[in-house]
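Input: a single structure, listed below in structure tokens.
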Amino acid sequence: MLVLEPNAAVQELIDQALRESGHRVLSTGDSLEALELVRRVRIDVFVVGDLVGHQTEALVSELRSSQPWLEIVSIGGRDNALSLIDLRARLSSPFFLDDLLAAVAAPADDA
């Protein structure tokens with residue numbers, strides 16, 4: 001699982017909750033680093049925080065071309081940058097950790 005969250009405190013909270021739930025987690029606050037990680041490591045679920053819209057769309061497009069099976073969970077989203085992208089789940093911000101854990105644990109067709 002890869003977490004891309006620009007807010008360091010939120011990133012740490014998400015990372016800790018996912019690890020405590022038994023997930024293997026890579027975390028970053030930088031979209032270019034996220035791209036590099038996906039090019040080197042197979043990722044099943046990508047949790048993306050509230051990034052700038054165009055940046056998020058370009059990133060997700062690149063990630064999906066590298067790993068088409070990638071499931072995406074979006075947190076926040078002040079605009080509709082990901083509205084046309086097929087997501088596993090969309091969580092509003094602020095969010096509950098239990099909702100995030102349920103979203104990443106759910107099979108793709110159940111979310």
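The values are calculated or read from the model by the stated rules, or taken from the named source; none is laboratory data. Note that the coordinates shown come from a computational prediction; the quantities given were computed from them, not determined experimentally. Cβ: placed from backbone, ideal geometry, glycine included. Neighbour counts: every protein chain shown.
Counting only residues that are surrounded by fewer than 12 Cβ atoms within 10 Å (Cβ to Cβ) and at pLDDT 75 or above, segment 65-99 holds 7 of them.
Looking at (1) modelled with pLDDT of 85 or more; (2) under 18 Å from Arg88 (Cα atoms), which is the only condition Val60 fails? It fails just one condition, (1). Scanning segment 2-14 for residues that are over 16 Å from Pro94 (Cβ atoms), crowded, with 19+ Cβ neighbours inside 10 Å and of a type outside the set (Val, Ile, Thr) yields Leu2, Leu4.
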